[in-house]
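Report on the following structure.
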Amino acid sequence: MKIAIFGMGYVGFTAACCLAHQGHEVVGIEVNADKVSEINSGQPPIKEPGVGELLATARSKGLIRAVTEVPDLAEFDLAIVCVGTPSSNDGSHNMNFVAEVTRQIANTVSPDRSRPLTVAYRSTFRPGTVKQLIEPIFRNCLGDRTEQAVEIVYNPEFLREASAVKDFFDPPKIVVGTRDGKRSGVMDALHEGLDAPVFYTAYEEAEITKFVDNTWHAIKVAYANEIGRICHRMGVSARTVHEIFVSDTKLNISATYTRPGGAFGGSCLPKDIRALQHIAEEIGAHTHLIDSLLRTNETHKTYQAQDIMARLPDGGRVLMAGLAFKAETDDLRESPNVDIARRLLEGGYQLSVYDPAIRPTDLRGQNLGYAFAHLPTVSTLLVDRETAEAGPWDLVIGSNRIVDELDLGDVEVVRTYEYD
């Protein structure tokens, strides 16, 4: 393919070298004349292992060059936008460069193309940007011929500095956002031969991907460093602790616990977090991330309770399917479902609970104490399966997967243990 890449910064230049290595003809568009001169003389404008060799090979084959002006796009199959989105004073992304490049493409592309020019955005920006900024610019310039002239996609990159070339050819995943979530022939051809899971989504899911990934990476680093400070203060080997931690690929380094859903609870997580907070405070480790965990968990309980109550009429009839911390257990200790149930009762709603694993007469010890301290009427709330299925209910709360055992007809079900 013939590919134009807008922006010869870290992402754009690396992509240019790698795509040329795959045999594509690449033209890099860059406003900085010094960068253009360096590229055309075989000098990489960035420091990154492997790009120098790729640039030299591509230049020897005539597959890569750089220019300062937008070329005639008539013969191009794909344009990739990799310009910067630096932080504004308020923390938001500055979209000036993205908007300007979009205008340049819109003013250059012919509306009479035999097939649309695929324009793939790799710059990181907030969900909604394609529909609220990029599409309007194209439509303002091209009008009713927009779809004939351009195919807009959002294709985030996952390149790490110092291993960007390796990451390009061996990506962790490929994400392509399109208007209808359907496949793009040009993007399929671009990624042909790469061994990675491919996700075609609507624009918004693709746009938020980098935010989710990068925030998670930051959380991991901050968490690891807080644990490191605790270990350092206590004379514990952080290296050994880390070796043990990452050996667990069933729970620790896995998809487990990362699906958005209900708040955490139970007998272990809350109490262990409090204890670790106490240790950290006592030894002066200053673990601000860990300190925030219980607060954000309480916020999540409040958020879910408010969302449920917003769906209900005053005094509405509610069935909660699942009261325990997990299905098929009777552990009510710090169960977020107990907290939501309490809030519903305080709000004047008519609450019933279906949870066949819970028998108040069987509760013991701390479990018994927690249940009757936080939900003293629990024994009067419990209903059997026949009653749960008979209703009528204004709303059913699926607090865990036992809701799927019930035949509830067409009543609205809100699953708090997972988000769609």
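The values are calculated or read from the model by the stated rules, or taken from the named source; none is laboratory data. Everything numeric in this text was worked out from a predicted model, so none of it was measured. Positions of Cβ are backbone-derived with ideal geometry, glycine not excepted, and every protein chain shown enters the neighbour counts. Accessible surface is based on the protein model in full, side chains and every heavy atom, while ligands, DNA and RNA are left aside. Shrake-Rupley method; radii C 1.70, N 1.55, O 1.52, S 1.80 Å.
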Checklist entry - Non-local amide H neighbours of HIS93 (under 5 Å, H modeled in plane, Pro and chain starts lacking H): which ones? => result SER88
Checklist outcome for this item: With the convex hull built on the alpha-carbon atoms of the chain, volume per residue in Å³ sits at 203 Å³
Checklist entry - How much net charge surrounds ARG65 when only the other residues with a Cβ under 15 Å from the Cβ of ARG65 are counted, with Lys and Arg +1 and Asp and Glu -1? => result -2
Item to check | the chain, accessible surface, carbon-and-sulfur percent (1.4 angstrom probe) | outcome: 51 percent
Checklist outcome for this item: Along the dipole axis of the chain (charges at Cβ: +1 for Lys and Arg, -1 for Asp and Glu; origin at the Cα centre), the most positive-end residue among PRO71, ALA162, THR118 is ALA162
Next on the checklist: I'd like the distance separating the alpha-carbon centroids of the range 72-108 and the range 345-413, in whole Å.
Outcome noted: 53 Å
Checklist entry - For the range 275-418, with the dipole built from +1 on Lys and Arg beta-carbon atoms and -1 on Asp and Glu ones, taken about the Cα centre, which of ALA280, SER352, ALA390 lies farthest toward the positive end? => result ALA280
Next on the checklist: Heavy atoms of the protein only, probe of 1.4 Å, neighbouring chains included. What is the accessible area of ILE39 in Å², nearest 10?
Outcome noted: 0 Å²
Item to check | Net charge of neighbours whose Cβ lies under 15 Å from the Cβ of ASP330, counting Lys and Arg as +1 and Asp and Glu as -1 | outcome: -1
Checklist entry - Mind listing which GluC sites (Glu not before Pro) in the range 325-420 are in a DSSP loop and have 15 or fewer other Cβ atoms within 10 Å? => result GLU328, GLU412, GLU418
Next on the checklist: Net charge around VAL165, counting only other residues with Cβ within less than 12 Å of its Cβ (Lys, Arg = +1; Asp, Glu = -1)?
Outcome noted: -3
Item to check | Inter-centroid distance (Cα atoms) of the range 204-261 relative to the range 170-202, Å | outcome: 27 Å
Item to check | Dipole magnitude of the range 111-207 about its Cα centre (Cβ charges: Lys, Arg +1; Asp, Glu -1), debye to nearest 20 | outcome: 200 debye
Next on the checklist: If I ignore ligands, DNA and RNA and count only protein heavy atoms, how much of MET320 is accessible to a 1.4 Å probe, in Å² to the nearest 10?
Outcome noted: 0 Å²
Checklist entry - Calculated FRET efficiency, LEU194 and SER379, Cβ-Cβ r, R0 56 Å, to nearest 0.05? => result 0.45
Checklist entry - Restricting the count to DSSP beta bridges whose residues both fall in the chain, what percent are antiparallel, rounded to a multiple of 5? => result 5 percent
Checklist outcome for this item: Any residue on another chain or 5+ positions along whose placed amide H is under 5 Å from the amide H of GLY28 is listed here as ILE5, ARG65, ALA66, VAL67
Item to check | Net charge dipole size for the chain [Lys, Arg +1 and Asp, Glu -1 on Cβ; Debye, nearest 20] | outcome: 820 debye
Item to check | Solvent-accessible heavy-atom area per residue, rounded to whole Å², over the range 110-200 at 1.4 Å | outcome: 49 Å²
Checklist entry - Restricting to lysine pairs 8 or more places apart or on different chains, what number in the chain have Cα atoms under 15 Å apart? => result 4
Next on the checklist: Using the Cα centre of the range 286-399 as the reference point, and only Cβ charges (+1 on K/R, -1 on D/E), how large is the resulting charge dipole? Debye, rounded to the nearest 20.
Outcome noted: 160 debye
Checklist outcome for this item: The long-range amide H neighbours of LEU351, using H built 1.01 Å from N in the peptide plane and a cut-off of under 5 Å, are VAL318
